[in-house]
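One structure is given below, encoded as C-alpha cells.
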Amino acid sequence: MTTEIKKKNRVLPIILCVLLIGGAIFGVKEYNYFSKHIDTDDAQIDGNISPVVARVGGYVREIKFEENTKVSENQILVTLDDRDYKIKLEQAQAGRVGANAGVGVSQAQITATAANTITAKANIEAARVKLNLAKKDFERYANLIKDGAVTQQAFDQAKALNETAQANYTASVDQYNAAVKQVGTTESQLNVSNSGVTQRQSDVDFAKLQLSYTEIRAPTTGIVSKRNVQKGQLIQPGQSLFAIVDNNSLFVTANFKETQLQKLKIGLKVKIFVDAYPGEAIDGEVYNFAPITGAKGSLLPPDNATGNFVKVVQRVPVKIKFHAKDKAFLEKLRPGMSVKVSVSI
C-alpha cells in the first residue's frame, strides 16, 4: 500500500513537469513566431468587378454568353435590335449629302459672281474710254460754240453724250462694287454651307456611335456574373446588365488592428492561407495602406462626440498583392473568399 502511494506521488510531479516543459516549449515557439510575424484572419480576397451597363435602349435580340463563364475583352456579349439606329444613321447620311450639295451650289455661285466681277471690271474700262472721248468732244464743242463755229444743237448733243458717258461710268463702277460684294456674300454662304457639312458629319458620327452601342461588348477579360438580362427584354440606357470579374486583378484586403501598424511596411513578405483550400499557402507582399480606417469609411461612421464613449481598437485596410506562380490555383480564387495572412517582419 505504501509502495503504491509512493508511485502515485511520483507520477504527479512527472506529469506536471511534462506539462510545464510542453507549455514552455509552446510558449517559446509562440513568442518566437509572433515576434517575427503579424497575423490577422480579418481578410478577404478582392478584385476588379466591372459592371456592364447599356448605353442605348432597345429590345435584346441575342445573348451570346453563359453566366459564370469566361469571356475575352471586346467580345460581343449582347446585341440589341438596331433597326431604329440604322434608320437614324441613314437620315444623318442623307442630311450630309444635302449639305454637300449646298456646298457645291455655293461654290458654283462663287464662280459665277467671280466671272461677273471680271465682266464688270471690263465694263468700267469701256465706260472710262467712252467717258474720256465724250469729255474731250464736249470740251472742243464748248470752245467752238464761243466762236460760233458750231450750232447750239451740236453743243447740246456733245454735252448730253458727256453726261451719258459719265452716268454709264458711274453705273459700271457701282456694278463692279456690287459684284465684289456678291462674291463676299457667296463666300460667306460657302462658309455657312461648310459649317452645315461639319454639323451633318457630326450627326453621322453620332449615329454610327449610337449604332455601335447596340453591340454590348466585354470591357475586360474575366468571368461573367450577376446576369440581369433576358432575350426580348426592353432595356433602358444606364441599366445594369451583368458584371465581369477580372481574375487577373485579384488581391487581398487585410484589416489589421491599428496597434499592429507600427511594424507593417510596404514590401514585406506575406503568407496567404485561403480558408477554402486549407493546407495551401500563397506568397504575397504588402502593397499599400488605406488612408482611413474601415469604420471611418463606412456608410454611417461613428461619432465619438455623442453618447457614452467606448474605446474600440480600429482596423485599417491593407492591400496585399499575390506573388503566386501557380496560375491554376489563382483561377480557383474568387473575390469575397476569407483568408488568413501572416506578415513576416
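Points to keep in mind about this one:
- For a label point 7 Å along the Cα-to-beta-carbon line of SER249, residues of the range 315-345 with backbone N under 14 Å: 335
- Under 5 Å from the amide H of SER249 lie the amide H atoms of ASN48, each residue being 5 or more positions distant or on a separate chain, with H modelled from the backbone and absent for Pro and chain starts.
- Here the gap between LYS311 and LEU19, fully extended at 0.36 nm per residue and compared with their Cα-Cα distance, gives a gain of 101.4 nm.
- Environment charge of PRO335, counting only residues whose C-beta is closer than 10 Å and scoring Lys/Arg +1, Asp/Glu -1: -1
- Relative contact order (%) - the range 191-345, alpha-carbon pairs under 8 angstrom, separation at least six: 26
- Each label was represented as a point 7 Å from its Cα along the Cα-to-Cβ direction; for ASN68 and GLN152 these points are 12.3 nm apart.
- Net charge of Cβ neighbours under 11 Å - reference GLY47; Lys, Arg +1; Asp, Glu -1: -1
- At full extension, GLN91 and LYS327 could sit 79.8 nm farther apart than now, given 0.36 nm per residue minus the alpha carbon distance.
- Radius 12 Å from Cβ of GLN175, net charge of other residues (Lys, Arg +1; Asp, Glu -1): +1
- Ascending count of other beta-carbon atoms within 10 Å, so fewest first, for LYS311, LYS159, LYS136: LYS311, LYS136, LYS159
- Here the spin labels are modelled as points 7 Å beyond Cα on the Cα-Cβ line, and at ASP84 and THR259 they lie 6.2 nm apart.
- Taking 25 Å as the straight-line reach from the Cα of LYS265, the lysines in range (excluding those fewer than 8 positions away in the same chain) are LYS29, LYS36, LYS257, LYS296, LYS319, LYS321, LYS325, LYS340.
- Label point distance in nm, SER225-LYS296, each placed 7 Å from Cα along Cα→Cβ: 2.9
Laboratory data are not the source of any read-out in this text; all were calculated from the coordinates shown. Predicted model, so just to flag it, every value in this text is computed and none were measured. Neighbour counts are summed over all protein chains in view; Cβ atoms, including those assigned to glycine, are modelled from backbone coordinates with ideal geometry.
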